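Notes to accompany the following structure.
Rule-based calculations on the coordinates, nothing more; no lab input. This is a predicted model, so every value here is computed, not measured. Cβ placement follows ideal geometry from the backbone for every residue including glycine, while neighbour counts extend to all protein chains displayed.
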Amino acid sequence: MVASRTGARHRHLARLRAGALALAAALLLSACDLLLSMLPQAGANAAFAYADPRLETSVRINGLSEVFNIAVAPDGRVFAIARNGVAEYSSELALLKTYYADAAEGIQRREDGNGPEEWQVTNGPGVDPVLFATRSGVALYLFSSAGTIYQRKLFDMSYYAVIESTVDFNAVPVAYQEEPLLLFDPLIRVLGVDFIAPALYSIREQARVALANGFNSYNATLDLLTPWFSFPSSVSFAADLTIPRVRSEFSVHRLYPRNGIVALVMGSGSYIGEVESSTFIYDRALGGQPIARFDMRGAITAASDSALYAITGDRDDKGGWIHKLRFRP
């Protein structure tokens, strides 16, 4: 009798261990495919999935299919962009509203070889949100009362653009064409707009250092381009930035100048399932070495003043996840 009970207990423990291992494997190989690594920037960083102490909260995106990008408003609201609509969340990832696009038209994924497109949120408090794609010139007007989306393409492909009006459907954005911009300064790698100021910033590559095993490091500057509402006529130095060791095939994807920080995203790939990236967070006033680093696979990131948000899509295109991460543990 004792031997029988002992054997049953061992079998029960074995089943628990097997279940725990299966659960861990499912998490690690889940559709999220989120790969994060710890800072500090010195030394080797151990990569892991959900054990990052900076992970504050996560939310499942329901009701949307083919999730492909993310936008973060100046007030911290988060928008998940999908083929059939947009989900709006608070800064704490509480669902506020879901907006649905026209079933026949949908929202097209327009990423190109420059990596995932940046989506701007341009409205102020009490005004229906407007999402704007900086390279493809697509504006999504979100109607809170009806939960619907009016979509309009405002201009043809450009290097970078900023939408000025949040209420005029015919508003023409300020576009910075690639050719004159590169003639203006051939070292410019990416632009980013601070809507609070408002101000337009650039990242200029100053030096590239080839490291062993297919990695590079960079010295760059964050510059203020003025005036922001037309083609830049002058440059003001803002900060020196050090970009630590990244894979040599990585290029600069997106720049988020925020109130106290600057987020710089480098990576490869354009569509959410294939993107690999490193997001660096800098103290906006000090520059220098990043205060945080996030290495990810299969995720697209965007930053607020105080947190990094990462969006992932399911492999079966049925939905996805949004993760909120603190800059420090």
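Quick look at the numbers
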read-out: Neighbour-count order for L211, L181, fewest beta carbons within 10 angstrom listed first; value: L211, L181
read-out: Distance between modelled label sites at K318 and Q177, nm, 7 Å Cα→Cβ extension; value: 4.8
read-out: Under 28 Å from K153, Cα to Cα: lysines that are on another chain or at least 8 residues apart; value: K97, K318
read-out: Neighbour cut-off at most 16 other Cβ (10 Å), DSSP loop, chymotrypsin sites (Phe, Trp or Tyr not before Pro), segment 50-124; value: Y50
read-out: Per-residue Cβ neighbour rank within 10 angstrom, fewest leading, M157, M266; value: M157, M266
read-out: Residue-count net charge about I196 - beta-carbon cut-off 13 Å; Lys, Arg +1, Asp, Glu -1; value: -1
read-out: Whole-number percent relative contact order across segment 247-329, with pairs defined as alpha carbons under 8 Å at least 6 apart; value: 22
read-out: Neighbour cut-off at most 13 other Cβ (10 Å), DSSP loop, chymotrypsin sites (Phe, Trp or Tyr not before Pro), segment 182-270; value: F229
read-out: Likely footprinting exposure, T122, T148, fewest C-beta neighbours within 10 Å first; value: T148, T122
read-out: Global geometry of segment 31-326, whether rounded, prolate or oblate, following the gyration tensor of its Cα atoms and the 1.5 cut on a/c; value: oblate
